[in-house]
Amino acid sequence: MLLLHCLLLLLLLPLGSRPQKFPTRDEELFQMQIRDKAFFHDSSVIPDGAEISSYLFRDTPKRYFFVVEEDNTPLAVTVTPCDAPLEWKLSVQELPEEASGEGSGDPEPLEQQKQQITSEEGTELFSYKGNDVEYFVSSSSPSGLYQLDLLSTEKDTHFKVYATTTPESDQPYPELPYDPRIDVTSLGRTTVTLAWKPSPTASLLKQPIQYCIVINKEHNFKSLCAVEAKLSSDDAFMMAPKPGLDFSPFDFAHFGFPVDNNSGKERGFLKSSKFGRQTPSKPRVDLHKICIGNKNIFTVSDLKPDTQYYFDMFAVNTNTNMSTAYVGTFARTKEEAKQKTVELKDGKVTDVFIKRKGAKFLRFAPVSSHQKVTFSIHSCLDAVQIQVRRDGKLLLSQSVEGVRQFQLRGKAKAKYLIRLKGSKKGASMLKILATTRPNKQSFPSLPEDTRIKAFDKLRTCSSVTVAWLGTQERNKFCIYKREVDDSYNEEQKKREQNQCLGPDTRKKSEKVLCKYFHSQNIQKAVTTETIRGLQPGKSYLLDVYVIGHGGHSVKYQSKLVKTRKFC
């Protein structure tokens, strides 16, 4: 009972019996607190000279306070809405006489001042409704208790507030140039080049500034805070605790708030928290943020043709992590160049060249009625994508490497549109044959494995023995050799892997022999050959060509071999 009585006495002691001064930037304690900004997240006090992040539940107003102790004090207040419009109002009330600093020599605590005068209506200084970053700036403000009231009527949201009584010396936000627009200097089908004037904070004040570009297809953003909120989940606030529940200010990432570190990376929200609930995963929004250092020209690549994009630029002070938005812009990429459609003739091989990442369209319109149509593709280099549509209906979509054959059901008077898409690695070359005659095969059949195997134990100073697979179809095989330097490597070999180059491109001196080979038993369709007359300790590149009935050849994968130096 005595202990309880003592506790009550302590709670009922006048707050003013031990007056404390409202924290200012001159106090050592405040300096410690301002370094840990999470200290202010769940406080109704706005510190002088620091940006705070906080949240609002929909239709639940929130009020913040700060004290200006002397008349004619400069004052600047900045409110940054993140992912929803805000209604906010700044007002001031006179400090009570006993709080003026006379008598004890110290002002009363802020909490006591709030209790004494917040029931009175203050003088409204400024109000705003919207989602712009808005400022209140005064070069001469009266002393008093200032109140900042905020409300979100659309949804749960978060925001940032910055207040200072020394706006001239602080300048935490990067300054915009006299022309803050982003210029589109070049426009392509998949690229847009942007340029902008540098921030005076970097060029004149020599403060560390980096620029971050934001690209999306929906709209421009007015603050980096809004971008980071969008990069988080729109439904992140569903997981927030109800007002009044006890929670730690260090759990703010749980609400979708951006974390100050790793500012250059895209933000997500935490998938779990101490509340024991799981945040549902959502697909990432089509929004990209790229921080590029202090350059003031940048080319955005890998865009889609004939698509409108919105571009925003933010100057970020890397010392304060505070940002200012340039005036955003938008641009539509150019349309893809209209492709000429190549007509395919029944039973005739057509050579096709495709630029890197490009596409080609071909058309096949059989003259006679047909039950089946066969498409034979020989990709000379990397894999290509093929799509076949019959009268607009998609029949085939495949990746083709080497030689492939597709047989599709025919239809009277049908027209076939073939779309070939090249490789991302480089230009593509291929041969294509379309026919309604099932026995018309220009390309030779190939085994699944087109490697050449060399037998190391049978290697001598003047010969090597190799083997390769065949098929059940009788074909002609020709083997060629070429001496190469010891420095010849796999990368050089890969560059020479054009399977469409036939024996007619080789020197006669490189030819070893040609022979016919097949086996009805596919398991035994293997042939070997010993290549003689080689020099000791030399490297050779071996190629095997299989030649079909129509005269078209396909090259197996090249094999690099080396004779023994000493025997």
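Readers should treat all values here as calculations from the given coordinates under stated rules, not as data from a laboratory. Note that the coordinates shown come from a computational prediction; the quantities given were computed from them, not determined experimentally. When we count neighbours, we look across all protein chains shown, and the Cβ atoms used for this are built from the backbone with ideal geometry, even at glycine.
Odds and ends about this structure:
- Working ranking of peptides 294-305, 122-133, 507-518 by packing, defined as the average number of other Cβ atoms within 10 Å per residue, highest first, is 122-133, 294-305, 507-518.
- Dmax and Rg, reported as Rg then Dmax, of region 327-392 (C-alpha, Å): 16.9, 62
- Within region 172-190, backbone nitrogen closer than 15 Å to the virtual label 7 Å beyond the Cα of residue 204 toward Cβ: 172-180
- The phi torsions of region 352-366, fed into the Karplus equation with coefficients 6.51, -1.76 and 1.60 and a -60° offset, translate into couplings of 10, 10, 10, 5, 4, 6, x, 8, 9, 10, 10, 10, 10, 10, x Hz, rounded to whole numbers, with Gly and Pro shown as x.
- Between residue 497 and residue 413, the simple label model (points 7 Å from Cα in the Cβ direction) yields a spacing of 4.7 nm.
- For residue 363, distant residues with modelled amide H under 5 Å away: 342, 343, 344, 418
- Gain upon complete extension [residue 292, residue 512; 0.36 nm per residue less C-alpha separation]: 73.5 nm
- The residue 336 and residue 139 beta-carbon pair, evaluated with R₀ = 41 Å, returns a calculated FRET efficiency of approximately 0.15.
- Each label point was placed 7 Å from the Cα along the Cα-to-Cβ direction; for residue 399 and residue 371 their separation is 3.5 nm.
- Volume per residue of the C-alpha convex hull in region 342-435, rounded to whole Å³: 78
- Computed over the alpha carbons of region 461-567, Rg followed by Dmax gives 14.4, 45 Å.
- The peptide list 177-187, 318-328, put in order of mean Cβ contacts within 10 Å with the highest first, becomes 318-328, 177-187.
- Each Cα pair under 8 Å and six or more residues apart adds its sequence gap; the mean of these over the residue count of region 342-435 is a relative contact order of 48 percent.
- Sum of side-chain charges, residue 409 neighbourhood, beta-carbon under 10 Å (Lys, Arg +1; Asp, Glu -1): +3
- Separation of the residue 482 and residue 387 label points, Cα + 7 Å toward Cβ, nm: 3.7
- Here the 3J(HN,Hα) profile of region 393-399, calculated from phi with Karplus coefficients 6.51, -1.76 and 1.60 at θ = phi - 60°, is 8, 6, 9, 8, 8, 9, 9 Hz, Gly and Pro shown as x.
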